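Taking it in order: structure first as structure tokens, then the write-up.
The values are calculated or read from the model by the stated rules, or taken from the named source; none is laboratory data. No experiment lies behind these values; they were computed from the predicted model shown. Please note: Cβ atoms are built from the backbone with ideal geometry, for glycine as well, and neighbour counts cover all protein chains shown. These accessible areas exclude ligands, DNA and RNA; they are computed on the full protein's heavy atoms, side chains included. Shrake-Rupley method; radii C 1.70, N 1.55, O 1.52, S 1.80 Å.
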Amino acid sequence: MNDDECWTRVKGRLRSNVGEDVYSSWFARMDLESVSEGAAHMSVPTRFLKSWIQSHYADRVLSCWQAEMPTLQRVDLTVRTPMRPAALTKDNNKVPVEELRIDRNNISRTLNGGRGNSTGTTADADALGPSPLDPRLTFESFVVGRSNTLAHAAAKQVAEGRRGDPVMFNPLYIHAGVGLGKTHLLQAVTFSGNASGQRKVLYLTAEKFMYGFVQALKSQTALAFKETLRGIDVLVIDDLQFLQGKSTQAEFCHTLNALIDSGRQVVIAADRPPSDLESLDDRVRSRLAGGLVVEMGSLGEELRLEILKSRVAAVRVHHHGFDVPHAVLEYLAKSITHNGRDLEGAINRLLAHNTLSGQPITLEMAEREVRDLIRPQEPKRVKIEDIQRVVARQYNVSRSDLLSSRRTANVVRPRQVAMYLSKTLTLRSLPEIGRRFGGRDHTTVLHAVRKIEALVGKDPVLADEVELLKRQLQE
Ligand code: ADP
Ligand code: MG
């Protein structure tokens, strides 16, 4: 087993060891750099992640490694430089390396829009400080559509409040799946709230909240941390589902109560409603549910198109020549159904390609560049039993007739059709299909498949029958 395979297995162990949520919040961005001299060298993108993993999960990471590689003595964790071009190179492996090197820094800065920089350095050093904001995530760039009207209106209302105004709903709790705009909306609230100069708005991810608290406890500044939190008008917490640990949760609960009871605003986002935050205790859950809980639905096609247009417009501020034909935008809006991140990713790909190759953006190019962002509809899995059942019904024979050794014409044809469908609609091998049809030899199956293929080409009635059967099975 080579190091990479080993690493894959280690990650698998870690994931089952700590659970999916913890894994995705702390380990998803951990990469293996090398293995040498009894040590595994890994890297993470931020100092924050590094110290969190070291203080909470060092032993587990090591033991997962040792389970795969018993000779390993220790694990090293470093912070990788934020501008590592790995991701870009991977996505654009058709672009010559030389060209990439020339423009790389330029591009990745554009693509990150400052996001990469800020998360990587400044704010991590300061445990009590806010989480970094992405300057692009404002109300101006937030597109309102059917699925987010209410959440947007509520967020806007919160952002426009003044110190001393009665609080209308507290907390405001927004939940939605990944990439549907929660962070965007929360950062918009923070940015515009602070810009008005009326109130102090603090944006924290749940990670940051935990980290601030743990740091504060360690350095005996817990009081200062609490004061920081209590000295603000609006507390915004993102990704609450990641809040872990009894003492942090207790602290969160106190903070929440203190803020709400003194009439200050709390805004929260999570990927699920309060009732589904299993790890939180009942009182916190009911407090969370006691304000306004709004869900944002998935982005409809119209909304996706508008988001794409607004992204293109934002990019054009710096890249005047970035021209995306309307047909391409429509194609992207139609085919990328999943979430806002993929929409953004698609625009970034087009920009990278356009900038690196200098070629104009066409539909063909877009199709090629974003192919992997388009999740194909999972085809329905057809079972051999279903095929036998449906075919038997259609031809008015019994399923056991199909499996029997009878060779009368009224059974032979349906049996061949059923075998043919089994071969074309499932991934089963010929021998496997033979076994499932009363223990027949694979050559019999092959014969049936060829026979029906040939007949379908000549006999339109049979072709129709087969087509109809396929449709019934795939619906
Ligand atoms: P979440 O926090 O819900 O996972 P984000 O807020 O990070 O999602 O959104 C993912 C991407 O989609 C971001 O680039 C964001 O700007 C974009 N996006 C999502 N919804 C909207 C919207 N309504 N208007 C404009 N951009 C949006
Ligand atoms: Mg988010």
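The residues of the stretch 162-183 that are of a type in the set (A, V, I, L, M) and either under 15 Å from the mean Cα position of the chain (by Cα) or open to solvent by 20 Å² or more (accessible area, probe 1.4 Å) (or both), listed by number, are V167, M168, A176, V178, L180. Collect the residues in the stretch 225-247 that are surrounded by 14 or more Cβ atoms within 10 Å (Cβ to Cβ), more than 24 Å from G164 (Cα to Cα) and at pLDDT below 80, keeping them in residue-number order. Listed by number, the residues that qualify are Q244, G245.
Checked against (1) in contact with a Gly (Cβ under 7 Å, 6 or more places away or on another chain); (2) at negative phi; (3) not in a helix (DSSP H, G or I); (4) not basic (K, R), F225 passes all but a single condition, namely (3). Summed over the stretch 411-437, the residues that are at pLDDT 90 or above and open to solvent by 50 Å² or more (accessible area, probe 1.4 Å) give a count of 5.
Somewhere in the stretch 363-372, is a residue out of contact with any Cys (no Cβ under 8 Å at 6 or more places or on another chain) and closer than 14 Å to L469 by Cβ? If you could, list the steps in order and put the result at the bottom.
Within the stretch 363-372, the subset out of contact with any Cys (no Cβ under 8 Å at 6 or more places or on another chain) is 363-372.
Keeping just the survivors that are closer than 14 Å to L469 by Cβ gives none.
No, there is no match, as no residue in the stretch 363-372 is out of contact with any Cys (no Cβ under 8 Å at 6 or more places or on another chain) and closer than 14 Å to L469 by Cβ.
A quick yes/no check of all residues on (1) closer than 26 Å to K156 by Cβ; (2) within 16 Å of ligand 2 (Cβ to nearest atom); (3) in contact with a His (Cβ under 8 Å, 6 or more places away or on another chain):
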position: H184; (1), (2), (3): yes, yes, no
position: V189; (1), (2), (3): yes, yes, no
position: S192; (1), (2), (3): yes, no, no
position: S196; (1), (2), (3): yes, no, no
position: E227; (1), (2), (3): no, no, no
position: Q244; (1), (2), (3): no, no, no
position: C253; (1), (2), (3): no, no, no
position: R264; (1), (2), (3): yes, no, no
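From the residues in the stretch 147-161 that are open to solvent by less than 20 Å² (accessible area, probe 1.4 Å), of a type in the set (A, V, I, L, M) and within 15 Å of ligand 1 (Cβ to nearest atom), which one is farthest from E344 (Cα to Cα)? By that ranking, first place goes to A154. When R84 is tested against (1) of a type in the set (D, E, K, R); (2) at pLDDT below 70; (3) open to solvent by less than 70 Å² (accessible area, probe 1.4 Å), exactly one condition is not met: (3).
Scanning the stretch 303-329 for residues that are touching a helix residue (DSSP H, G or I) at 6+ places or on another chain (Cβ under 8 Å), touching a residue at least 40 places away in the same chain (Cβ under 8 Å) and assigned to a helix (DSSP H, G or I) yields a total of 3. Would it be correct to say that V178 is near ligand 1 (Cβ under 8 Å from one of its atoms), out of contact with any Asp or Glu (no Cβ under 6 Å at 6 or more places or on another chain) and at pLDDT below 90? When the stated conditions are applied, V178 passes them.
Only residues that are without any contact (Cβ under 8 Å) to a residue 60 or more places away in the chain and either of a type in the set (A, V, I, L, M) or open to solvent by 60 Å² or more (accessible area, probe 1.4 Å) (or both) were counted in the stretch 260-286, giving 13. One residue alone among L446, L462, L421 is under 16 Å from K383 (Cβ atoms), touching a helix residue (DSSP H, G or I) at 6+ places or on another chain (Cβ under 6 Å) and not small (G, A, S), and that residue is L421. Is there a residue being in a helix (DSSP H, G or I) and away from ligand 1 (no atom under 16 Å from the Cβ) anywhere in the stretch 231-244? Checking the stretch 231-244: not a single residue is in a helix (DSSP H, G or I) and away from ligand 1 (no atom under 16 Å from the Cβ). Screening G345 against (1) within 16 Å of ligand 2 (Cβ to nearest atom); (2) in contact (Cβ under 8 Å) with a residue 40 or more places away in the chain; (3) open to solvent by less than 40 Å² (accessible area, probe 1.4 Å); (4) within 16 Å of G179 (Cα to Cα) leaves a single unmet condition, (2). For the stretch 132-181, taking the residues that are among the aromatic types (F, W, Y) and within 16 Å of ligand 2 (Cβ to nearest atom), the one that is farthest from R341 (Cα to Cα) is identified as Y173. Filtering the stretch 184-209 to residues that are open to solvent by less than 20 Å² (accessible area, probe 1.4 Å) and either free of Cβ contacts under 8 Å to residues at least 60 places away in the same chain or among the β-branched types (V, I, T) (or both) leaves Q187, A188, V189, T190, G193, V201, A206, F209.
One residue stands out among those in the stretch 330-342 that are part of a helix (DSSP H, G or I) and within 16 Å of ligand 2 (Cβ to nearest atom): the one that is most open to solvent (accessible area, probe 1.4 Å), which is R341.
Listed residues V189, V201; which is within 20 Å of P135 (Cα to Cα) and at pLDDT 95 or above? Steps first, please.
Numbers: V201 fails: at pLDDT 95 or above.
Answer to the check: V189.
In the condition set (1) surrounded by fewer than 19 Cβ atoms within 10 Å (Cβ to Cβ); (2) in a loop (DSSP other than H, G, I, E, B); (3) more than 13 Å from ligand 1 (Cβ to nearest atom), F139 is compliant with all but (3).
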